[in-house]
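Below is one structure, written out as structure tokens; the observations come after it.
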Amino acid sequence: MDQRLVDPVDLADVGRGLEQHSRHLRLLATAVHEINRINDIPLILQRLVEVALQLTDAGCGAAGVMNGQHMAFQHYLANGEWRGIDFTFAPGYGVPGQVILTKRPYLSNHAATDPHVIPEIREALQIYNLLNCPILSADDELLGSFEIHNTRDYRPFDAHDQMMLETLAAAASIAMQNARNTEARVQAQDALTNSEQRYQALLEGASDAILVADASTGILLEVNQKAQQLTGRTREELVGQPQTLLHPEELAHYHRARFAENGVAGHTVHTDALLVHKDGRRIPVEIGATVIELGDQRLIQGIFRDLSQNLITQEKLRRYAKLYEATSEGIVITDATRGIVDVNPAFCQVTGYRREEVIGKNPSMLQSGRHDAAFYQAMWESIKATGHWRGEVWNRRKNGEIYPEWLSINAVYDEKGEIVNFVGVFTDISTIKESQERLQRLAHHDPLTDLPNKLLFGARLSHALHRGHRDQTMVAVLFLDLDRFKNVNDTLGHPAGDKLLCQVAARLKLCVREDDTVARLGGDEFTIILENVKDARDIVPVAQKVIDALKTPFSLSNQDLFITVSIGISVFPEDGTDNDTLLKNADSAMYCAKDHGRNNYQFYTRELTQEACERLALETSLRRALEHKEFELHYQPQYCLRREALVGAEALVRWRHPELGMVSPARFIPIAEEIGLIEPLGRWILDTVCTQARFWDDAGFPAIVIAVNLSAMQIMRGSVVQTVRDCLTAAGIPGNRLELELTESVFMGRRAQVVETLDALKELGVSLAIDDFGTGYSSLRYLKRLPIDKLKIDQSFVHEIPGDENDATIARAIMALGRSMQMVVIAEGVETREQEEFLRQEDCDCIQGYRFGRPVAAAVFERFLRNPNGLLNSH
């Protein structure tokens with residue numbers, strides 16, 4: 001006996017698995033085609049849910065559309081019937097709210113314990129498990145989502161279900177966008193009229209099952225009662241589905257081809273076939289198919305007669321064995337210990353192994369190394385729990401080549417419920433993946449430079465403008481045109497010109513951040529998108545960097561070639577709020593740059609150009625301000641409410657520009673950080689403060705603590721500890737005379753480094769304070785681990801107290817937090833007696849503001865030191 005023969009029961013399971021896989025593919029293909037032809041969004045969503053339930057055998061489903069920032073669900077499908085609902089979800093609220101935030105599918109097989117499933121909705125709809133899939137447009141806009149769920153423990157949803165729903169979502173996205181831009185076509189009346197003519201030939205009272213399908217598409221149009229009984233499906237479950245739904249995958253195309261070949265009007269084709277029952281059983285039938293012409297419509301009327309009692313088991317085995325040998329999908333059968341007992345020819349063709357090389361081996365011999373142990377553990381746990389698993393796997397052929405495959409594994413059980421075999425069915429999807437990646441790349445990138453093309457540039461600019469509008473930030477569009485590029489093509493030829501464009505593209509990519517976009521629109525025109533621009537003046541360094549990057553000669557045809565660039569700049573939202581306007585204005589500014597002699601940049605508006613020039617002038621002056629001793633420190637008193645005395649001062653840097661006068665720190669501190677001057681400036685401030693403290697000590701003034709602001713950049717650079725140590729040592733004062741103020745932004749990244757730096761500063765004896773507390777990012781769990789001594793209430797919360805109850809509540813909360821963590825609390829921006837009395841009553845430790853003194857020069861501040869206990873009475 002041939003040892004390769006497989007138990008008929010096993011082969012039946014294999015056949016059913018293949019049929020189910022094929023049915024899903026056909027149903028998906030038909031559904032995508034059908035959905036793309038619907039121009040009414042509610043109908044698209046309803047059809048989407050219906051197909052999703054058919055694909056997953058889920059019990060219930062619903063679909064919602066975005067309405068502003070919210071997602072609204074108004075229709076719900078359960079037990080084959082639609083009913084109205086009225087659920088609206090905000091971002092973060094419920095499972096749809098999570099999909100709004102993440103734009104990713106949400107799968108939960110334990111709705112009862114899932115924190116994102118709203119209990120009221122779960123109980124109202126009897127949700128046991130669920131899968132929600134977003135519908136995204138081509139530019140990543142969330143159009144809506146649809147959700148399926150079961151009301152009882154049927155089976156868990158898995159990655160295959162998610163993949164099928166994502167495929168449906170892609171089709172729905174295209175259909176919904178087409179429906180937005182095209183007028184609805186009313187076809188209901190025509191369809192009704194046509195259907196009345198088509199269905200005249202059906203004989204409802206026939207003793208055999210009758211099914212009528214469209215000859216060109218294979219879509220079922222009508223069935224009689226006997227057909228419903230034979231297939232186990234209702235009329236609603238059959239009409240509108242492809243007739244291949246009723247045939248095993250391996251035979252569906254054969255029957256269609258045979259009917260097409262003999263499909264002469266009035267001629268009947270007879271054949272034996274297998275019909276797939278709803279419960280998965282394959283019923284042998286005799287089919288008499290006749291082509292009927294009704295006007296321009298060609299129909300196929302099939303009369304199905306049940307032959308179950310006329311066939312014997314050996315005939316079934318013969319057909320299953322033929323399927324096993326002939327299918328193009330690889331099949332591997334193992335015993336309960338995962339030892340391979342048989343493989344089909346397709347397995348050998350895909351993997352490169354001969355049958356005798358794998359018999360007795362474990363399928364793990366095919367592993368590629370791309371998946372870790374946890375992946376395989378989860379796979380086998382799923383098989384143990386549910387009896388099956390489906391997903392994408394990367395395996396290795398005999399020649400060492402790694403390839404992707406879509407794999408389905410099913411467990412086979414004996415009469416006692418014990419696993420006797422595992423059956424794996426897989427398809428090599430290498431060609432599909434390669435084609436998808438290649439087409440995606442070609443559609444969105446310039447073939448010469450590999451930069452984003454005009455299509456991808458437009459999509460990214462639209463996305464950037466959406467984010468800019470949402471985050472209230474600016475977006476800059478830089479339009480670049482190479483000066484006299486035509487001369488290169490005319491003198492050196494187009495191949496040399498192409499090489500130059502490639503080299504220019506490579507340099508441009510080095511001039512921007514990873515999140516920015518460099519694109520080629522065509523010819524010698526390039527564009528750059530700068531996102532998250534806080535100040536229009538920040539665009540200037542990028543434009544100048546581009547100009548500088550092209551100054552170095554290019555090597556072409558064994559000679560050096562010099563090329564320059566003219567740049568036009570437009571800024572969202574000042575210069576436009578849509579793609580076309582911004583690109584047009586940047587183009588106009590580019591021509592303005594050419595008019596100004598080329599090799600320069602111009603903003604679209606004269607005002608922005610003037611601001612950019614002013615910033616450059618300010619940057620130039622700032623670089624020599626330290627050398628010219630243009631900086632000075634002013635000191636603002638800090639008053640202790642309990643002791644009613646001066647206890648400290650905050651040192652604030654001022655820049656006395658020789659032409660502009662006093663320049664606000666808000667203008668020059670960000671520039672100093674950007675151009676790398678913050679560290680030498682910070683060292684000068686620390687050194688000056690320590691020297692001043694020693695001077696006051698020598699003059700006999702009372703010892704006070706002087707606070708100095710540190711920027712996040714100083715902390716991250718790591719040299720601040722040594723700088724503080726050097727300044728304290730040089731001045732000869734103890735560390736407890738110095739307080740360092742940090743903003744909350746310091747704690748947003750590199751937390752381990754921040755803690756290490758702060759601990760080192762504490763070892764020097766200095767105290768640490770969080771400035772502007774409550775306005776930034778603070779994790780209380782993390783705050784308790786930091787060596788912080790003081791919290792400073794930001795003046796924005798002090799300005800309106802005690803009149804503004806919200807600000808008063810926030811101030812009380814910060815003071816309570818400080819007391820609970822044994823920190824000193826100081827309020828900034830205190831200007832009135834009422835503010836002082838409120839803070840005194842709430843037991844605030846210290847206050848600072850114009851009520852007690854403005855920031856003044858050191859010589860003026862000495863009058864506060866002479867009368868430290870009379871500060872309040874003097875104001």
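The values are calculated or read from the model by the stated rules, or taken from the named source; none is laboratory data. The model shown is predicted, which means the values in this text are computed figures rather than measured ones. Virtual Cβ from ideal backbone geometry, glycine too; neighbours counted across all protein chains shown. Ligands, DNA and RNA are excluded from the accessible area calculation, which covers all protein heavy atoms including side chains. Shrake-Rupley method; radii C 1.70, N 1.55, O 1.52, S 1.80 Å.
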Checklist outcome for this item: If we ask which residues in the stretch 343-364 are of a type outside the set (V, I, T), under 13 Å from V425 (Cβ atoms) and not in a loop (DSSP other than H, G, I, E, B), their number turns out to be 3
Next on the checklist: Looking at H75, H110, can you tell me which residue is farther than 28 Å from R390 by Cα and either aliphatic (A, V, I, L, M) or open to solvent by 20 Å² or more (accessible area, probe 1.4 Å) (or both)?
Outcome noted: H75
Checklist entry - Just to be sure, is L681 part of a helix (DSSP H, G or I), surrounded by 14 or more Cβ atoms within 10 Å (Cβ to Cβ) and modelled with pLDDT under 95? => result yes
Checklist entry - G92 is checked against (1) surrounded by fewer than 14 Cβ atoms within 10 Å (Cβ to Cβ); (2) assigned to a helix (DSSP H, G or I); (3) within 21 Å of the chain's Cα centre (by Cα) and fails just one. What number does that condition carry? => result (2)
Checklist entry - Is it the case that the stretch 690-712 has a residue that's open to solvent by 10 Å² or more (accessible area, probe 1.4 Å), over 24 Å from P855 (Cα atoms) and either in the same structural domain as I826 (by the TED database) or not in a loop (DSSP other than H, G, I, E, B) (or both)? => result no
Checklist entry - Among the residues of the stretch 476-499, is any modelled with pLDDT of 90 or more, within 30 Å of the chain's Cα centre (by Cα) and over 20 Å from K551 (Cβ atoms)? => result yes
Next on the checklist: Any residue that is in a loop (DSSP other than H, G, I, E, B) and open to solvent by 20 Å² or more (accessible area, probe 1.4 Å) - is there at least one of those in the stretch 648-659?
Outcome noted: yes
Item to check | Residue satisfying condition, being surrounded by 14 or more Cβ atoms within 10 Å (Cβ to Cβ) and either β-branched (V, I, T) or within 28 Å of S435 (Cα to Cα) (or both), within set I409, I402 | outcome: I409
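For every residue, the table says whether it meets (1) at pLDDT 80 or above; (2) aromatic (F, W, Y); (3) outside any helix (DSSP H, G or I).
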| site | (1), (2), (3) |
| --- | --- |
| V721 | yes, no, no |
| I733 | yes, no, yes |
| L761 | yes, no, no |
| A769 | yes, no, yes |
| R785 | no, no, yes |
Item to check | For V99: the one exception among (1) open to solvent by less than 10 Å² (accessible area, probe 1.4 Å); (2) in contact (Cβ under 8 Å) with a residue 60 or more places away in the chain; (3) closer than 30 Å to L455 by Cβ | outcome: (2)
Item to check | Residue ID - modelled with the highest pLDDT, chosen from residues in the stretch 304-324 that are farther than 27 Å from V223 by Cβ and exposed (fewer than 12 other Cβ atoms within 10 Å of the Cβ) | outcome: K322
Next on the checklist: Criterion first (touching a residue at least 60 places away in the same chain (Cβ under 8 Å) and open to solvent by 50 Å² or more (accessible area, probe 1.4 Å)) does L456 satisfy it?
Outcome noted: no
Checklist entry - Looking at V475, is it in contact (Cβ under 8 Å) with a residue 40 or more places away in the chain, not acidic (D, E) and not in a helix (DSSP H, G or I)? => result yes
Checklist entry - Restricting to the stretch 61-81, what's the tally of residues that are within 13 Å of L48 (Cα to Cα) and of a type in the set (A, V, I, L, M, F, W, C)? => result 4
Checklist entry - Among the numbered criteria (1) assigned by the TED database to the domain that holds H466; (2) in a helix (DSSP H, G or I); (3) open to solvent by 40 Å² or more (accessible area, probe 1.4 Å); (4) at pLDDT below 85, which single criterion is violated by K594? => result (3)
Next on the checklist: Looking at K486, K499, can you tell me which residue is over 22 Å from Y591 (Cβ atoms) and open to solvent by 30 Å² or more (accessible area, probe 1.4 Å)?
Outcome noted: K499
Checklist entry - Is it the case that the stretch 47-57 has a residue that's modelled with pLDDT under 85, buried (at least 22 other Cβ atoms within 10 Å of the Cβ) and within 28 Å of the chain's Cα centre (by Cα)? => result no
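Let's see how each residue does on (1) open to solvent by 10 Å² or more (accessible area, probe 1.4 Å); (2) touching a residue at least 12 places away in the same chain (Cβ under 8 Å); (3) part of a strand (DSSP E or B):
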{"site": "P802", "(1), (2), (3)": "yes, yes, no"}
{"site": "V825", "(1), (2), (3)": "no, yes, yes"}
{"site": "E834", "(1), (2), (3)": "yes, yes, no"}
{"site": "D843", "(1), (2), (3)": "yes, yes, no"}
{"site": "A859", "(1), (2), (3)": "yes, no, no"}
Checklist outcome for this item: All-but-one check, N558 against (1) surrounded by fewer than 18 Cβ atoms within 10 Å (Cβ to Cβ); (2) in contact with a Leu (Cβ under 7 Å, 6 or more places away or on another chain); (3) modelled with pLDDT under 90, failing number (2)
Next on the checklist: On the basis of being assigned to a strand (DSSP E or B), surrounded by fewer than 20 Cβ atoms within 10 Å (Cβ to Cβ) and not assigned by the TED database to the domain that holds D471, does E614 make the cut?
Outcome noted: no
Checklist entry - Looking at R667, R725, which one is closer than 20 Å to G765 by Cα, of a type in the set (K, R) and assigned to a helix (DSSP H, G or I)? => result R725
